[in-house]
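Read the structure below first, then the notes.
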Amino acid sequence: MERNPSPTPGAREAALRRLRRLTAGISGAAAGAVAVFAFVSAATLPGHATATTTGTATATTSAAQQTAAPVVTTTSSSTAAAAAPHAVSGGS
């Protein structure tokens, strides 16, 4: 049986450099993939609601109401359920 000759120190160093570059490349690709998955998950899954209430108030008075307090009518574009905080779960 013939034994394989041992690699030279230069060949060993070259192999280690290739291995380090490969390890760093794989680590960078994995970190990038995690960032992409995190962004996609944050963009597609519900769970954070912003409560914005915009409304207008109008005062209405008529001849019969001039002696009484004015009536204030409010119109809002959001519902009370949207303004209240709530938890959303992706349970099974």
Filter result for Thr75 (exposed (fewer than 10 other Cβ atoms within 10 Å of the Cβ) and at pLDDT below 75): yes
Qualifying residue in region 5-27 (condition: out of contact with any helix residue (DSSP H, G or I) (no Cβ under 7 Å at 6 or more places or on another chain), modelled with pLDDT of 90 or more, more than 30 Å from Val88 (Cβ to Cβ) and assigned to a loop (DSSP other than H, G, I, E, B)): yes
Number of positions in region 28-50 that are on the phi < 0 side of the Ramachandran plot and not in a helix (DSSP H, G or I): 5
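The values are calculated or read from the model by the stated rules, or taken from the named source; none is laboratory data. Remember, predicted model here, so these are calculated numbers, not experimental data. No Cβ is skipped: glycine too gets one built from the backbone with ideal geometry, and neighbour counts run over all protein chains shown.
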